[in-house]
Amino acid sequence: MNKKLLCAALLSGLAVAQTVSAQDFDDRWYLTTSAGFNLQDGSRDTRSAPFGTLGFGKFISQNWSLDAEFNYQNPRFDNQNLLLNPNRPLAGRAQNLNWSQYGVSLDLRRHFITEGRNWNPYVLAGLGYQRSEEEFDAFPNPNSPGQREDGNLAGKIGGGLQGDLGRVGIRAELAYRLDADDSSIASPDESWFGDVLASVGFVVPLGPEASEPVVDAPPPPPAPNCADKDGDGDGVNDCNDKCPNSVAGEAIGPDGCKVNIAIDLKGVNFDFDKATLRPDAVAILNEAVEILKRYPDLRVEVAGHTDLCGKDTYNQSLSQRRSQTVYDYLTSNGIDSGRLAGPNGYGESRPLVQTGQTLPECKNETNRRTELNVQ
């Protein structure tokens, strides 16, 4: 099998990891160890053998874990297979020759965790490196037996169950490992081998388990007193209210009693030949909105004016647009249109400052205004 194609396929398998939303999970590093049985590919002419692993890893999200793992196995040549295949090369018929294999892998596991279930299944995909050390009969070379040492890309897929035993976890796993070993002496016609790995292992978290912070109960709220009460709803607390029977919406003084006040709603000025609100105009109108909301019986006329520049008919239209702008602002901020007279445009007929009617004398900001006139 082409090694580049194998690498691409295994990397595609690892790409199943996806970005997940942040959740609570145990993200401590852990050690892993396992023991199992390696069912060797029959093409190797080796006997199946036990193997062991040692590694470390951690959960990278609530359902995904990533482990780095070292493995070792030491199978022997299967002499029975050699006798049944007399056409095998002489190198493959040697007796009592050693064959060992070890490697590392990076394994990604997708855990299917259900709350309240102690044992949860998972699937895995891994990519790694396997090294083979194979002795062979090099007769008539006096240095016989010879030894072939070679490393290859390896991939792994499989699945298993992981359970919680309290302080440690346990894994039971079955996987298929593909070893891209194309330099075998005993099996020179093979370009890759597939081994089945069955194992049981332990997962040992490192460090103490995270505990939820202890949150102190909030202190009881203080008992209500007159400073927290407003029996007549006039905005003055009962401790300071000398007129506890006043009506909400009336003009109320700081002692809770009705007062007669004069309400001054300031004029809103505009830039030359403009009908759009300036920031200072918005601030003034916000004050007017608060006053009108506090006194629901108050009615005002929205009246627009211009300076003395320009023709009368144009200024009449400009003043109407200015008053309409203010009118729309008030109604869009909760003031009922029934409380507003207008909008009325008065053009240049009511200047506050007498100026000439030609530029630049006619340009006067005081005259370019919209007023809110109390009715």
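Of the conditions (1) in a strand (DSSP E or B); (2) modelled with pLDDT of 90 or more, residue 113 clears all except one; give me its number.
Exception for residue 113: condition (1).
Looking at region 323-350, which of the residues that are part of a loop (DSSP other than H, G, I, E, B) and out of contact with any Leu (no Cβ under 6 Å at 6 or more places or on another chain) is surrounded by the fewest Cβ atoms within 10 Å (Cβ to Cβ)? Give the steps one after another, and end with the answer.
Restricting attention to region 323-350, the residues satisfying the condition of being part of a loop (DSSP other than H, G, I, E, B) are 333-336, 346-350.
Add one more test, that the residue is out of contact with any Leu (no Cβ under 6 Å at 6 or more places or on another chain), and what stays is 333-334, 336, 346-347, 349-350.
On the way: 333: 14, 334: 9, 336: 11, 346: 18, 347: 20, 349: 12, 350: 13.
Across region 323-350, the extreme among qualifying residues is 334.
I'd like the full set of residues that are in contact with a Lys or Arg (Cβ under 9 Å, 6 or more places away or on another chain) and outside any strand (DSSP E or B), limited to region 351-374. Working first, answer last.
The first filter runs over region 351-374 and keeps only residues in contact with a Lys or Arg (Cβ under 9 Å, 6 or more places away or on another chain), leaving 352, 355, 367-372, 374.
Selection gives 352, 355, 367, 368.
Please identify the pairs in which a residue from region 205-226 that is under 24 Å from residue 164 (Cβ atoms) has its Cβ atom under 8 Å from the Cβ atom of a residue that is assigned to a loop (DSSP other than H, G, I, E, B) and of a type outside the set (D, E, K, R), counting only partners at least 6 apart or on another chain.
Hits for this filter: 205/29; 205/168; 206/29; 207/29.
Scan region 198-245 residue by residue and report those that are polar (S, T, N, Q) and at pLDDT 85 or above. Let's see the steps before the verdict.
Quick first cut of region 198-245, residues polar (S, T, N, Q) only: 199, 211, 225, 237, 240, 245.
Matches in region 198-245: 199 only.
With respect to residue 187, determine if the residue is hydroxyl-bearing (Ser, Thr, Tyr), at pLDDT below 90 and either surrounded by fewer than 16 Cβ atoms within 10 Å (Cβ to Cβ) or outside the structural domain of residue 71 (by TED's automatic domain parsing) (or both).
On the way: hydroxyl-bearing (Ser, Thr, Tyr): yes; at pLDDT below 90: yes; either surrounded by fewer than 16 Cβ atoms within 10 Å (Cβ to Cβ) or outside the structural domain of residue 71 (by TED's automatic domain parsing) (or both): no.
When the stated conditions are applied, residue 187 does not pass them.
Within region 292-342, how many residues are over 30 Å from residue 359 (Cβ atoms) and small (Gly, Ala, Ser)?
5
Only one residue in 354, 316 is free of Cβ contacts under 8 Å to residues at least 24 places away in the same chain, more than 29 Å from residue 235 (Cα to Cα) and more than 53 Å from the chain's Cα centre (by Cα). Which one?
Working: 316 fails: free of Cβ contacts under 8 Å to residues at least 24 places away in the same chain.
Residue meeting the stated conditions: 354.
The values are calculated or read from the model by the stated rules, or taken from the named source; none is laboratory data. In this text the structure is predicted, and so the values were computed from the model without any measurement. Every residue, glycine as well, gets a Cβ built from its backbone with ideal geometry; the counts of neighbours run over all protein chains shown.
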